[in-house]
Amino acid sequence: MEHKLTFKDYNEALKQNRLLGLRCQACGAITVPPRMVCGKCASPDMDVIELKGKGEIQTFTTVYVAPEGRQGEVPYIIVLVELDAGPWMMGNLTGIDLGQANMELIGKRVIMSHQVFAGDKYSAGDVARPVFSLQD
Amino acid sequence: MRKVAVVGVGATRFSGAQKKTNTELFAEAAMDALSESNLKPQDIQALLLGNALGDFSEGQSMVQAFAAESIGAVNIPANRYEGACASASMAIIDAFMWVASGFYDVVLAGGTERAATMGTSLATRTLAMFSDSRYEYPCGITFPAIFALLAHLYSKKYDIPLNQLKEQMAAVSAQSYHYGKLNPKARLRREITKDMVLKSPMVCSPLQLHDCCPFADGAAAVVLVSEERAKMLTSKPVYIAGVGQASSGSLVNQQEYLPRIRAREIAAKQAYNMAGLTPQDMDICELHDSFSIASLIAAESLGFFDFGASGKAWEEGQADIGGKVAINPSGGLNAKGDPLGATGAGQVYEITKQLRGEVEPERQVEGAKVGMTDTVGGEGGAVCTLILRRGW
């Protein structure tokens, strides 16, 4: 059985700032990031769709202690965003002072771009991730 | 299914970086467990060993084969379990099933790890491997960052102002350190006050250093036998009354339940149902306090306190020895440290010693008859619950 959307294709699209997801033919639910089957009803029959990447911050953290090889990135902010389409996505938040990284962020609307993690010896290549910024 | 008893336990001290190998650490714990069991290595029919990161910490995979050889359990079947911090609990649950089914009579289970030996930088990288390497790690997710995200979400969801939640979290940590000071097997054996927690360096907002358990090196082992065999070996068998286990995928896919970890609620329900018991019946619980916020979240999902109310309960002493349920009288992961592969076995070691009345008097839960262990791997990738009860 083939995947309707592989990590490889998702990754390549995200590098073009395109957020791809899967809409279930059986129940209509949207699944992103991609899986073999629908996240809600487990049907493998899904269509690839493009999502807008806009949504609302649900939670956040500012990371001060870096994993090996990423010392140059700290401090950075990780957010969980509820997309307007429904699913939650993990990404980074840019464009604000660290002092603004507080509970006031929760509920703020964001738009999406991307950044590529170049990878390390454990990562099987480079991987793009969503990078959000405040919409205003 | 037959009843299954823990007849012997052993554990090394959990410590900072040290020079013994994973094989050596486990061998020490195993021989102590066997000696308590009145059994010999030749009696063991299988070894089920938790070890999450031996490949990275010492370039050693398949440590279970070398451990079996070292202790003289010649050619026995030996399995490795990788469930992050829940590895040893997974191993013990499997051991329970193999003995309960009648396939084996005597199984040695437990775990070993050298997480402290790896150093912070490599440990931070490798512990992040329990998250989604495609969809989470590129964002720079780390193990503390997962629980930091849950902490802010908890504050929002239960409408607890963040500074108030941080005070509650600090109370949890301070309690752990208080008991850890009394536990010769703990890594951190000093008093750390609420104030010291709140002044420690920020790791991932809002978690500060002393909200976070330290990495540790260490091992723990338990010997599981059938009821019939247990009666020949000890007058104090500790029966496994219930087990439960569940898995989860990535954090965002748990969106309906966060900050609750759904997998824990499923696993705990299985264990309570199997044992025919409720949260009120638990005298002690060794739960997964990888971070102070994790304790609050755990205690609620395990049914001890209402959702959003456990911080207040902790401040009122309800999680203390003498409170509603004694939580982490060992010092928990926060004071003992987290040697991932061994942690779950360390919890079973503690419950067993408590039920037998064999721990230091200042942290003994008097008259304890029933105890629970709760272990979470990663962001809910593996969640295990065990309920143990006195067999005398």
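The values are calculated or read from the model by the stated rules, or taken from the named source; none is laboratory data. Just so it is clear, the structure is predicted and the values come from calculations on it, not from any experiment. Neighbour counts are summed over all protein chains in view; Cβ atoms, including those assigned to glycine, are modelled from backbone coordinates with ideal geometry.
Per the conditions (1) facing another protein chain (nearest Cβ under 9 Å); (2) under 18 Å from B:ILE297 (Cβ atoms), the sole criterion not satisfied by B:PHE130 is (1). Here B:GLN254 meets the list (1) buried (at least 21 other Cβ atoms within 10 Å of the Cβ); (2) within 14 Å of chain A (Cβ to nearest Cβ) almost entirely, failing just condition (1). Checking each residue in the range B:80-111 for being acidic (Asp, Glu) and under 19 Å from B:ALA67 (Cβ atoms) picks out B:GLU82, B:ASP94. When the range B:300-334 is limited to residues that are assigned to a helix (DSSP H, G or I) and of a type outside the set (A, V, I, L, M, F, W, C), the one that is farthest from B:HIS178 (Cα to Cα) turns out to be B:SER301. Residues that are surrounded by fewer than 20 Cβ atoms within 10 Å (Cβ to Cβ) and in a loop (DSSP other than H, G, I, E, B) within the range A:5-26 comprise A:THR6, A:LYS15, A:GLN16, A:ASN17, A:ARG18, A:GLN25, A:ALA26, listed in sequence order.
For A:GLY91, are the conditions met, namely being assigned by TED's automatic domain parsing to the domain that holds A:LYS121, of a type outside the set (Ser, Thr, Tyr), within 30 Å of B:VAL203 (Cβ to Cβ) and in contact with a Pro (Cβ under 6 Å, 6 or more places away or on another chain)? In short, yes. When B:ILE284, B:ILE192, B:ILE261 are checked against the criterion of being β-branched (Val, Ile, Thr) and out of contact with any strand residue (DSSP E or B) (no Cβ under 8 Å at 6 or more places or on another chain), a single residue qualifies: B:ILE192. Among the criteria (1) at the interface with chain B (Cβ under 7 Å from one of its Cβ atoms); (2) crowded, with 19+ Cβ neighbours inside 10 Å; (3) in contact (Cβ under 8 Å) with a residue 24 or more places away in the chain, the one A:LEU93 does not fulfil is (1).
Go through the range B:140-183 and give me each residue that's in contact with a Gly (Cβ under 9 Å, 6 or more places away or on another chain), part of a helix (DSSP H, G or I) and of a type in the set (A, V, I, L, M, F, W, C). Correct list: B:PHE143, B:ILE146, B:LEU165, B:MET169, B:ALA171, B:VAL172. Scanning the range A:70-83 for residues that are assigned to a loop (DSSP other than H, G, I, E, B) and more than 7 Å from every other protein chain (Cβ to nearest Cβ) yields A:VAL74, A:PRO75. On inspection, B:GLU24 fails the criterion of being assigned to a strand (DSSP E or B) and under 20 Å from B:VAL223 (Cα atoms). The criterion of being more than 11 Å from every other protein chain (Cβ to nearest Cβ) and closer than 26 Å to A:ALA124 by Cα holds for A:LEU22. When the residues of the range A:63-86 are filtered to those that are in contact (Cβ under 8 Å) with a residue 24 or more places away in the chain and buried (at least 20 other Cβ atoms within 10 Å of the Cβ), the one that is farthest from A:PHE117 (Cα to Cα) is A:LEU83.
For the range B:1-15, indicate whether the set of residues that are surrounded by fewer than 22 Cβ atoms within 10 Å (Cβ to Cβ), modelled with pLDDT under 95 and over 20 Å from the mean Cα position of the chain (by Cα) is non-empty. Within the range B:1-15 (the criterion being surrounded by fewer than 22 Cβ atoms within 10 Å (Cβ to Cβ), modelled with pLDDT under 95 and over 20 Å from the mean Cα position of the chain (by Cα)), the answer is yes, since at least one residue qualifies. What about A:GLY39, is it surrounded by fewer than 16 Cβ atoms within 10 Å (Cβ to Cβ) and either outside any strand (DSSP E or B) or of a type in the set (Ser, Thr, Tyr) (or both)? No: the conditions fail for A:GLY39.
Annotation note: Cβ proximity below 7 Å between a residue of the range B:119-131 that is under 14 Å from A:VAL65 (Cα atoms) and a residue that is part of a helix (DSSP H, G or I) (sequence gap 6+ or interchain) occurs for B:LEU122/B:PHE56; B:THR126/B:PHE56; B:LEU127/B:PHE143; B:ALA128/B:TYR137; B:ALA128/B:PHE143. Among the residues of the range B:284-339, those that are of a type in the set (S, T, N, Q), under 17 Å from the mean Cα position of the chain (by Cα) and on the phi < 0 side of the Ramachandran plot comprise B:SER290, B:SER292, B:SER295, B:SER301, B:SER330, B:ASN334. Scanning the range A:32-57 for residues that are more than 13 Å from the chain's Cα centre (by Cα) and at the interface with another protein chain (Cβ under 7 Å from one of its Cβ atoms) yields one hit, A:GLY39.
Please verify whether the range B:187-194 includes one or more residues that are among the polar types (S, T, N, Q), in a helix (DSSP H, G or I), away from chain A (no Cβ under 14 Å) and out of contact with any His (no Cβ under 9 Å at 6 or more places or on another chain). No - not one qualifying residue is present in the range B:187-194. Candidates are the residues of the range B:335-361 that are of a type in the set (Val, Ile, Thr) and assigned to a helix (DSSP H, G or I); the one that is surrounded by the fewest Cβ atoms within 10 Å (Cβ to Cβ) is B:THR352. Only one of the listed residues (B:ALA91, B:ALA65, B:ALA100, B:ALA84) is closer than 29 Å to B:LEU287 by Cα and surrounded by fewer than 19 Cβ atoms within 10 Å (Cβ to Cβ). That residue is B:ALA100.
A quick yes/no check of all residues on (1) assigned to a loop (DSSP other than H, G, I, E, B); (2) more than 11 Å from every other protein chain (Cβ to nearest Cβ); (3) modelled with pLDDT under 95:
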site	(1), (2), (3)
A:PRO67	yes, no, no
A:ALA85	yes, yes, no
A:VAL116	no, no, no
A:GLY119	yes, no, no
A:VAL131	no, no, no
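Given the structure, is B:VAL238 under 18 Å from the mean Cα position of the chain (by Cα), crowded, with 19+ Cβ neighbours inside 10 Å and among the β-branched types (Val, Ile, Thr)? Judged against the criteria, B:VAL238 is a match.
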